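In what follows, a single structure is set out as structure tokens and then discussed.
The values are calculated or read from the model by the stated rules, or taken from the named source; none is laboratory data. The model shown is predicted, which means the values in this text are computed figures rather than measured ones. Virtual Cβ from ideal backbone geometry, glycine too; neighbours counted across all protein chains shown.
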Amino acid sequence: MFTIDAHLDLSMNAMEWNRDLAKRVYEINEREKNLADKPDRGNATVSLPELRKGNIGLVVPTQIARYVTPGNFLPGWNSPQQAWAQTQAQLAWYNAMEDAGEMIQVNDLASLEKHIALWINENNNQQKPIGYILSLEGADSLITIQHVEKAYQYGLRALGPAHYGAGRYANGTDATGAMNANGLELLKEMERLNIILDATHLCEDAFWQALDNFSGHVWASHNNVRKIVNHNRQFSDEQIKALIERGAVIGGALDAWMMVPDWVRGKSSPQEMNCNLEVIIDHFDHICQLAGNALHIGIGTDLDGAFGREQCPYDLETIADLQRLPALLNKRGYTNEDVKNVMHGNWLRFLKDAWE
Ligand SMILES: [Zn+2]
């Protein structure tokens with residue numbers, strides 16, 4: 001079934017993990033056999049051929065680069081200018097994939113409809129470019145507010161102001177505090193340009209403030225449920241209800257620590273923690289119970305987002321295994337119509353509404 005994945009760090013994998021995503025996942029992992037510089041070496045699950053194999057014809061991949069002040073030990077750049085330059089290298093990789101016929105940018109209603117028409121007929125997927133809607137995870141790299149329009153011009157259509165920790169525009173996961181004047185100005189500029197606000201990673205103070213100060217379209221590309229795994233990275237029921245009221249779609253993430261409670265990074269294994277694809281349906285179910293329907297959930301896997309097979313559902317070898325989800329959803333009582341909506345329909349409805 002045609003599938004949309006609303007969150008993948010493709011260019012980060014290309015430019016920081018040095019992965020040639022035009023290759024098969026098997027080849028990427030072979031090449032990393034003797035590398036130990038990152039915990040997920042040799043455990044990749046995502047590449048462009050694998051997306052085609054899995055009928056995942058449209059994705060929302062990121063540009064991502066953090067700015068860090070002295071004493072902030074998260075990985076990041078020492079100036080906003082360096083962070084911006086890193087995102088421009090990432091953009092250059094997307095453009096090179098376009099030139100190679102591997103990907104194609106989707107950035108308005110016309111290009112969306114054309115691309116869906118190409119993919120909804122499931123023949124010869126191997127010949128088709130993967131459509132991508134460009135997003136930015138964390139706004140630190142936008143040197144000034146004027147850079148938002150620059151980014152819009154090259155295709156940026158969704159933006160999450162925060163990532164982990166303190167940000168230049170908004171604080172994110174594991175941090176607290178309201179947005180500063182720059183953050184509020186950023187929201188205004190996004191509204192003017194009709195850039196989708198990604199509520200993922202906003203710390204709770206910034207989350208509520210952003211909803212109050214932004215009247216454009218809001219989604220959460222990759223976010224699970226706090227009732228199931230209690231962590232500030234996950235949404236509380238109040239947050240989920242507020243997003244549903246705004247017409248948001250929330251993408252289910254396949255990072256094991258966000259799926260099952262008590263995951264210990266580097267220690268737990270998906271098998272011993274019973275982390276399989278069915279677990280994400282528990283998160284879906286919870287959101288559907290709050291919504292009273294299956295119209296606000298979608299897929300936003302975050303696969304290979306600095307973790308690999310060692311930290312994702314054990315019954316997923318590559319991202320192509322997302323095609324196991326329709327049967328699992330049916331088994332849990334989702335109708336065929338619901339399943340279509342989860343796999344692509346809800347994101348499509350959201351995008352058409354946002355870009356009309
Ligand atoms: Zn993320």
Margin query: farther than 18 Å from Leu303 by Cα and either at pLDDT below 95 or more than 16 Å from the ligand (Cβ to nearest atom) (or both): which single residue out of Asn34, Asn55, Asn43, Asn29 fits that description?
Written below: Asn34
Next item on the list: Filter the range 1-20 for residues that are under 26 Å from Asn346 (Cβ atoms) and either in a loop (DSSP other than H, G, I, E, B) or among the charged types (D, E, K, R) (or both) and give the result.
Entry: Met1, Phe2, Asp5, Asp9
Checklist line | Hits in the range 247-262 - residues which are surrounded by fewer than 24 Cβ atoms within 10 Å (Cβ to Cβ), within 16 Å of the ligand (Cβ to nearest atom) and assigned to a loop (DSSP other than H, G, I, E, B) | finding: Asp255
Next item on the list: Tally the residues that are more than 18 Å from Ala320 (Cβ to Cβ), within 16 Å of the ligand (Cβ to nearest atom) and not aliphatic (A, V, I, L, M), restricting the search to the range 10-26.
Entry: 3
Check: Just one of His147, His115 is crowded, with 16+ Cβ neighbours inside 10 Å and over 24 Å from Glu50 (Cβ atoms); which is it?
Finding: His147
Margin query: So Gln271 passes all but one of these: (1) among the polar types (S, T, N, Q); (2) under 24 Å from Ala206 (Cα atoms); (3) away from the ligand (no atom under 16 Å from the Cβ). Which condition number does it fail?
Written below: (2)
Next item on the list: Given the conditions (1) part of a loop (DSSP other than H, G, I, E, B); (2) surrounded by 21 or more Cβ atoms within 10 Å (Cβ to Cβ); (3) within 15 Å of the chain's Cα centre (by Cα), report the number of the one that Phe307 does not fulfil.
Entry: (2)
Notebook entry, point to check: For the range 279-297, does any single residue satisfy the condition of being in a strand (DSSP E or B) and within 21 Å of the chain's Cα centre (by Cα)?
Noted result: yes
Next item on the list: May I ask you to list the residues in the range 32-75 that are closer than 20 Å to Asp20 by Cβ and not in a loop (DSSP other than H, G, I, E, B)?
Entry: Leu48, Pro49, Glu50, Leu51, Arg52, Lys53, Ile56, Val59, Pro61, Thr62, Gln63
Next item on the list: Looking for whichever is touching a residue at least 24 places away in the same chain (Cβ under 8 Å), surrounded by 17 or more Cβ atoms within 10 Å (Cβ to Cβ) and small (Gly, Ala, Ser) here; the options are Ala166, Ala178. Which one fits?
Entry: Ala166
Next item on the list: Identify, by number, the condition in (1) farther than 20 Å from Asn293 by Cβ; (2) touching a residue at least 24 places away in the same chain (Cβ under 8 Å); (3) basic (Lys, Arg) that Arg246 doesn't meet.
Entry: (1)
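Report whether or not Leu58 is out of contact with any helix residue (DSSP H, G or I) (no Cβ under 6 Å at 6 or more places or on another chain) and either without any contact (Cβ under 8 Å) to a residue 24 or more places away in the chain or more than 27 Å from Trp347 (Cβ to Cβ) (or both).
no
Results for (1) in contact with a Lys or Arg (Cβ under 9 Å, 6 or more places away or on another chain); (2) touching a residue at least 12 places away in the same chain (Cβ under 8 Å); (3) basic (Lys, Arg), shown as yes or no for each residue.
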position	(1), (2), (3)
Arg19	yes, yes, yes
Ala22	no, yes, no
Lys33	yes, no, yes
Val46	yes, yes, no
Thr62	no, yes, no
Check: Of the residues that make up the range 276-292, is at least one within 16 Å of the ligand (Cβ to nearest atom) and more than 27 Å from Ala248 (Cβ to Cβ)?
Finding: no
